[in-house]
Amino acid sequence: MEIGSPAYQGEVSCSWQEIESLVKELALQIRKSGKKYDCILGITNGGIIPTKLLSRELTIDAIQFIPVRNKAIIKDEMPTLHENKRYLVIDDIYDTGDTYRKVKDALQGFTCDFYFCMSRRDQDAGLSPKVLNHDKWIVFPWE
């Protein structure tokens, strides 16, 4: 869905403070789970900044990015992954689920957990500390 499409009813801004707070909540959820990760995989473009912030919170220095442009995964630019490692996949928002499904398919065979700063609705694809339950376009501070 694109801004201006009938599905979105206006827009709402997300502040840097809110992103910091959501990332801290994600880190808390991850710590409580007891799971340990070898690397954080950020989904570009929206997941780049949350990935860096979360790496700081969890003290995970290994970061790689899943290259997504124009809603497609750029397979030639995919990072080299290892079957014996555990990956934490991060994006800013779970919206329609289209990007999530493409990334999940690309990561098939690897141990990955998905987390999002926000989710458009309740979903079972990954964890998110904020469920929007509205159809406003979200404007993130890095946009």
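Just S13, S21, S55 to compare: in a GNM of the chain, with alpha carbon springs under 10 Å, which one fluctuates most?
S13
Take every DSSP beta bridge whose two residues both sit in the chain, then give the antiparallel share in percent to the nearest 5.
Counting DSSP beta bridges with both partners in the chain, the antiparallel share is about 10 percent.
Average the reciprocal distances over every distinct pair of alpha-carbons in the chain, invert the result, and give the Kirkwood radius in Å.
Evaluated on the chain, it is 15.5 Å.
So how many Lys-Lys pairs in the chain land under 13 Å Cα to Cα, not counting same-chain pairs under 8 apart?
Going through the chain pair by pair, I get 7.
How do F65, F110, F116 rank when sorted from fewest to most other Cβ atoms within 10 Å of their own Cβ?
The most exposed by this proxy come first: F110, F65, F116.
Please list, ordered by chain and number, the residues whose modelled amide H lies under 5 Å from the amide H of G42; skip anything fewer than 5 residues away on the same chain.
Q64, F65, I66, I90
Each reported figure results from applying straightforward, stated rules to the coordinates on display, with no laboratory input. Just so we're clear, the structure is a prediction, and the values are computed from it rather than from any experiment. So basically every Cβ, Gly included, is an ideal-geometry build from the backbone, and we count neighbours across all protein chains shown.
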